[in-house]
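Working notes, beginning with the structure itself.
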Amino acid sequence: MKIKKVLNNNVVWAENEHAKEIVVMGRGIAFQKKVGDEVDETKIEKTFVMQSDEMSERLTELLSEISPETFRAADDIIQYAKEALGAELSDNIYITLTDHINFAVSRHKQGMDMKNALLFEIKRFYHAEYRVGLKALGIVQEELGVLLGEDEAGFIALHIVNARQDGQQMRTTVQMTKIVQDILNIVTYHYGMILDETSLNYTRFVTHLQYFAQRMLTNEIKESGDDFLYEQVQIKYPEAFHCMLKVDQYLKSTHQAELTRDEQVYLTIHIYRVTGDVK
């Protein structure tokens, strides 16, 4: 394995025996080394093979600017997230999360902690990822000596949510969360009731809304149009149907989108179930 570029004493960009470019980490692995030298494999602690050359270059650039300890903390968080969630994460998280942690620690040291306006929603909609975020705070404190606040647990959770969606942009994840919250507010105000967040119907409803919002923002909604079902739910669940029309109006006015017949049917049924149709 030969060194293609020395990033710092602890990180090199190398080429393995299969001519595959990889990022290699290890304490002192590049000490007194130059391009073309063999990598001392006894010092290798981590290797990273990115999905594309562009990702490799971005990771390489980032690693040249930050401390190995910061990247190691981010990697430990990512490994914990994979195990705790039982999920694969997009390689892009090695870049986005590492960069975020580096910036968050730097801001904290300057007394410039950021408030997370979506913290309440993140706790409600992304329980598992938020728990990983809380664990991440402990990892950062242990490895970097900085205790970040609860708001950062929320930011880290969003990075994980983003990575579970195959690397969609963070902006899309934030938009999804806002749409879900707005629709829940419409249902709450229409029925004049507090929804039971511990119920299975609530969990199903939120999951449906999350996937709907994701499809809407990526223009993946398709109309199949079952007129019979549409007419049935309109007759059978009139109050839930009326509430659904308010949601449809919100989407038209705020997002220039509207519910298809299929989505109107599904949403009406979910609203009926989550509210018990108390009116």
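The values are calculated or read from the model by the stated rules, or taken from the named source; none is laboratory data. These figures come from a predicted structure and were not determined experimentally. We place every Cβ from the backbone using ideal geometry, glycine too, and count neighbours over all the protein chains shown. Just so you know, the surface numbers come from the protein's heavy atoms only, side chains and all, with ligands and any DNA or RNA stripped out. Shrake-Rupley method; radii C 1.70, N 1.55, O 1.52, S 1.80 Å.
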Which numbered condition trips up ILE194, out of (1) over 21 Å from ARG124 (Cβ atoms); (2) at pLDDT 80 or above; (3) more than 26 Å from the chain's Cα centre (by Cα)?
-> (1)
Enumerate the helices (runs of 4 or more DSSP H) found wholly within region 65-131, keeping only those where 3 or more residues are open to solvent by 60 Å² or more (accessible area, probe 1.4 Å).
-> 68-85, 93-109
Residues in region 223-266 that are more than 17 Å from ASN185 (Cα to Cα) and polar (S, T, N, Q): how many?
-> 6
GLU142, sole failed condition from (1) within 30 Å of ASP196 (Cα to Cα); (2) open to solvent by 90 Å² or more (accessible area, probe 1.4 Å) | (1)
How about region 47-63: which of its residues are modelled with pLDDT of 75 or more and surrounded by fewer than 17 Cβ atoms within 10 Å (Cβ to Cβ)?
-> THR47, GLU61
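Tell me, which residue of region 145-172 that is among the charged types (D, E, K, R) and open to solvent by 40 Å² or more (accessible area, probe 1.4 Å) is modelled with the highest pLDDT?
Looking at residues that are among the charged types (D, E, K, R) and open to solvent by 40 Å² or more (accessible area, probe 1.4 Å), I get GLU150.
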Which numbered condition GLU223 misses (of (1) among the acidic types (Asp, Glu); (2) exposed (fewer than 14 other Cβ atoms within 10 Å of the Cβ); (3) at pLDDT 90 or above) = (3)
Collect the residues in region 249-263 that are open to solvent by 10 Å² or more (accessible area, probe 1.4 Å) and at pLDDT 90 or above, keeping them in residue-number order.
-> GLN249, TYR250, LYS252, SER253, THR254
